[in-house]
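K.L.:
This is the structure I want to talk about, given as structure tokens.
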Amino acid sequence: MKEYYIDLGSSTIKVYEYEEKLKLIEEHSIYFKNDFDSMKGISKTNLEELCSYFETLTKKYNFKYENTHIYVTGIFRNLCYQKKQEMVKLFNDKFDLYFNIISHGIENYYLGKAMANDYNNKKVLIINMGGKTTELVTFEGDKITDTKNLVIGVADLLNNFSKVNEPKSGNTIEEMDKFVEEKIADLELANDYDCAIFTGGEERFELLTDFNLVENTLFDDGIHKYMLSLEDYISGTEKVFYDFTLEDLYKLMPENPKWMDGARAGAIIPLTLFKKANVKWIIPSDLNLINGVINDSK
């Protein structure tokens with residue numbers, strides 16, 4: 001039976017189809033952080049857009065309770081209990097679907113399942129960043145040895161740096177990096193990682209924006225084909241900030257151009273973490289928690 005898996009985060013909804021293989025079939029960005037209130041819920045405008053999008057999806061793919069699985073993360077965890085229950089009831093009554101808000105711990109678990117590998121006995125830092133949160137998982141050999149949850153995401157950068165999405169960024173990489181450094185000053189990270197894997201559509205993004213990717217020679221898992229040095233990551237980020245216009249970025253992803261609104265800000269938290277952990281090599285990845293859900297069910 002063909003099944004559908006949906007990753008619903010603070011700013012992007014990713015829809016996957018699964019029948020022997022997992023395939024991303026579409027995505028849609030809604031900025032749920034805008035006018036969000038934990039007691040009042042997401043804004044009326046965003047709720048209407050969310051419902052309209054699910055009405056379209058349900059008709060298009062014939063979503064049913066038994067073939068559709070929704071995993072909700074990020075800002076939705078901050079809803080008060082009553083508002084969480086209201087969202088669950090809304091999706092049950094309107095779409096006959098379960099609005100499944102998962103905990104940070106469960107997200108870490110699925111991230112670990114998604115990234116499970118022996119990595120050629122390397123020590124690897126996994127970075128999974130969303131709109132309001134960032135998850136860190138450390139693999140040594142084929143075992144998870146550490147997990148950390150950071151309450152900072154792309155939305156925090158967008159909220160604090162209003163010029164980053166001018167046609168060419170009016171905020172600098174350096175000032176945004178310093179902001180994140182101060183936010184995570186108390187975070188303790190090892191400094192002997194062999195590499196870091198940055199998940200959630202990063203490989204696609206770096207290919208679209210022509211980062212200097214080279215063949216991954218650190219490990220061979222049949223999934224992660226590319227790597228780049230920290231210096232090339234910084235160089236590629238500078239290009240996205242100062243060479244590409246926002247309109248240029250939109251044109252690279254015509255099916256969901258709003259995703260690119262987080263492209264510049266989304267580069268900074270990983271950059272700060274790479275430097276803090278003394279990472280020399282970065283592996284861009286398109287895997288996310290849905291890959292972990294599938295792996296866990298096998």
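K.L.:
Taking only Cα atoms, what is the 0 to 90° angle, nearest 10, from helix 230-242's long axis to the longest principal axis of the chain?
P.N.:
With both axes taken from Cα atoms, the answer is about 60 degrees.
K.L.:
Which of LEU189, THR56, ASN288 sits closest to the plus end of the dipole of the chain, meaning its Cα is farthest towards the positive end, when Lys and Arg get +1 and Asp and Glu get -1 on the C-beta?
P.N.:
THR56
K.L.:
For the chain, give the magnitude of the charge dipole about the Cα centre (Cβ charges: +1 Lys/Arg, -1 Asp/Glu; no others), in debye to the nearest 20.
P.N.:
800
K.L.:
As an exercise, take the mean of 1/r over every pair of distinct alpha carbons in the range 1-134, invert it, and state the Kirkwood radius in angstroms.
P.N.:
It works out to 15.9 Å.
K.L.:
Distance cut-off 22 Å, Cα to Cα: go down the list LYS14/LYS168; LYS143/LYS298; LYS40/LYS60; LYS258/LYS298; LYS33/LYS258; LYS59/LYS94 and report the pairs above it.
P.N.:
Correct reply: LYS14/LYS168; LYS40/LYS60; LYS258/LYS298.
K.L.:
Moving to a separate point now. Using 0.36 nm times the number of residues separating GLU255 and LYS143, minus their current alpha carbon distance, what extension gain do you get?
P.N.:
36.6 nm
K.L.:
Work out the FRET efficiency for LEU208 and LEU22 from their Cβ-Cβ distance, taking R0 = 25 Å, and round it to the nearest 0.05.
P.N.:
With R0 = 25 Å, the Cβ-Cβ based efficiency is 0.75.
K.L.:
Using Cβ counts within 10 Å as a stand-in for footprinting exposure, how do ILE75, ILE234 rank, fewest first?
P.N.:
ILE234, ILE75
K.L.:
How far apart, in nanometres, would the label points at ASP243 and TYR61 be if each is projected 7 angstrom from Cα along the Cα-to-Cβ direction?
P.N.:
Reported label-point gap for ASP243 and TYR61 is 3.5 nm.
K.L.:
I want to verify a result. In a Gaussian network model of the chain, Cα cutoff 10 Å, which of these has the top mean-square fluctuation: GLY112, GLY170, GLY153?
P.N.:
With Cα springs under 10 Å in the chain, the top fluctuation among GLY112, GLY170, GLY153 is at GLY170.
K.L.:
A further question on this structure: Looking at the chain, what % of its DSSP beta bridges pair antiparallel, to the nearest 5?
P.N.:
Around 70 percent of the beta bridges assigned by DSSP in the chain are antiparallel ones.
K.L.:
Still on this structure, I have one more. If one takes the longest principal axis of the Cα atoms in the chain, at what angle in degrees, from 0 to 90 and to the nearest 10, does the Cα axis of helix 104-115 lie?
P.N.:
In the chain, helix 104-115 runs at an angle near 60 degrees to the longest axis.
K.L.:
What are the ³J(HN,Hα) values, in whole Hz, obtained from phi via the Karplus relation 6.51 cos²θ - 1.76 cosθ + 1.60 with θ = phi - 60°, for each residue of the range 48-55 in sequence order, with x given for Gly and Pro?
P.N.:
Karplus values, whole Hz, x for Gly and Pro: 5, 5, 4, 5, 4, 5, 6, 4.
K.L.:
Not counting the cut sites, what is the longest span of the chain without GluC sites (Glu not before Pro) that DSSP labels loop and that have at most 14 other Cβ atoms within 10 Å?
P.N.:
No qualifying site falls inside 67-187, the longest such stretch.
K.L.:
Which trypsin sites (Lys or Arg not before Pro) from the range 12-63 combine a DSSP loop assignment with at most 16 other Cβ atoms within 10 Å?
P.N.:
The qualifying sites are LYS40.
K.L.:
Mean separation of Cα pairs under 8 Å and 6+ residues apart, divided by the residue count of the chain: what relative contact order is that in percent?
P.N.:
Averaging sequence separation for qualifying contacts and normalising by length gives 19 percent for the chain.
The numbers here are math on the coordinates, done by the rules we state, and not lab data. From a predicted model like this one, the values you see are computed outputs, not experimental measurements. FYI the Cβ positions are ideal-geometry reconstructions off the backbone, even for glycines, and counts take in every protein chain you see.
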